[in-house]
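Structure record follows, encoded as structure tokens.
Please treat every number below as a calculation from the coordinates, not as lab data. The structure presented is a predicted model; accordingly, all values stated were derived computationally and were not measured. For neighbour counting, all protein chains shown are included, and Cβ atoms are generated from backbone atoms with ideal geometry for every residue, glycine included.
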Amino acid sequence: MYESGRYVARQLEPVADEQIQPNGVDLTLAAVERQREPGRIGTDGKTVGERETMEPADGVYRLEPGAYIARYGETIAVPDDHVGFVYPRSSLMRNSCMLNTAVWDAGYEGRGEGLLRVGHTIELEAGARIAQFVLAEADHEGRYDGTYQGERIE
Ligand SMILES: O=c1ccn([C@H]2C[C@H](O)[C@@H](COP(=O)(O)OP(=O)(O)OP(=O)(O)O)O2)c(=O)[nH]1
């Protein structure tokens with residue numbers, strides 16, 4: 001079962017009323033990065049390739065078609081007995097852009113990121129709502145304790 005937006009909102013910080021949706025909470029765009037160097041995924045570990053942070057013009061990112069990393073503005077704590085997913089805001093998708101999610105594990109806490117695929121040039125204002133985070137009830141063994149635990153928490 002998916003939790004309500006009100007429930008999800010209690011796991012995020014900061015959250016304004018306009019972010020709370022019936023079934024989840026909208027995530028805002030904190031920063032956009034572009035990968036510059038190859039990463040590596042091996043049997044013995046992984047590295048994330050070097051990136052450059054994009055600079056918005058007057059607070060707006062004008063993004064040409066391609067792949068970007070979107071950093072979200074909210075700290076998320078995935079509670080026990082749950083798993084999280086991110087969906088694009090439908091207006092993003094309707095503008096030929098997509099956000100991909102990996103699994104947000106029970107016990108993870110941090111300000112995460114997602115793969116933003118731009119299929120047609122789009123303008124995104126820094127701080128705008130671009131995604132929606134949802135939580136589903138889930139069994140799990142152990143809690144998240146990987147390299148991204150606590151990322152970008154001030
Ligand atoms: O779209 C997503 C999905 C997940 N996460 C966060 C939450 C998740 O709990 C954490 C780690 O994800 P995962 O376990 O898939 O990472 P990994 O590549 O297996 O690395 P590690 O083994 O160090 O955790 O990253 C994101 O920021 N964005």
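Using the Karplus relation 6.51 cos²θ - 1.76 cosθ + 1.60 with θ = phi - 60°, the per-residue 3J(HN,Hα) values for region 66-75 come to x, 10, 9, 9, 9, 9, 8, x, 9, 7 Hz, with x marking Gly and Pro. About its Cα centre, the dipole of the chain is roughly 520 debye, where the only charges are +1 on Lys and Arg Cβ and -1 on Asp and Glu Cβ.
Which of the three applies to region 77-148, rounded, prolate or oblate, going by the alpha-carbon gyration tensor with a ≥ b ≥ c and a/c under 1.5 meaning rounded? Taking the square roots of the gyration eigenvalues as a ≥ b ≥ c, region 77-148 is prolate. Across every pair of non-identical alpha carbons in the chain, the mean reciprocal distance, once inverted, gives a Kirkwood radius of 16.2 Å. With θ taken as phi - 60° and the Karplus curve 6.51 cos²θ - 1.76 cosθ + 1.60 applied, the whole-hertz 3J(HN,Hα) list for region 9-18 is 4, 6, 9, 10, 8, x, 9, 8, 3, 5 Hz, x standing for glycine and proline. Shape annotation for region 40-98: C-alpha extents along the principal axes are 39, 30, 22 Å, from largest to smallest. With an 8 Å cut-off on Cα pairs and a minimum separation of 6 or more residues, tell me the relative contact order of region 9-154 in percent. Computed value for region 9-154: 30 percent relative contact order.
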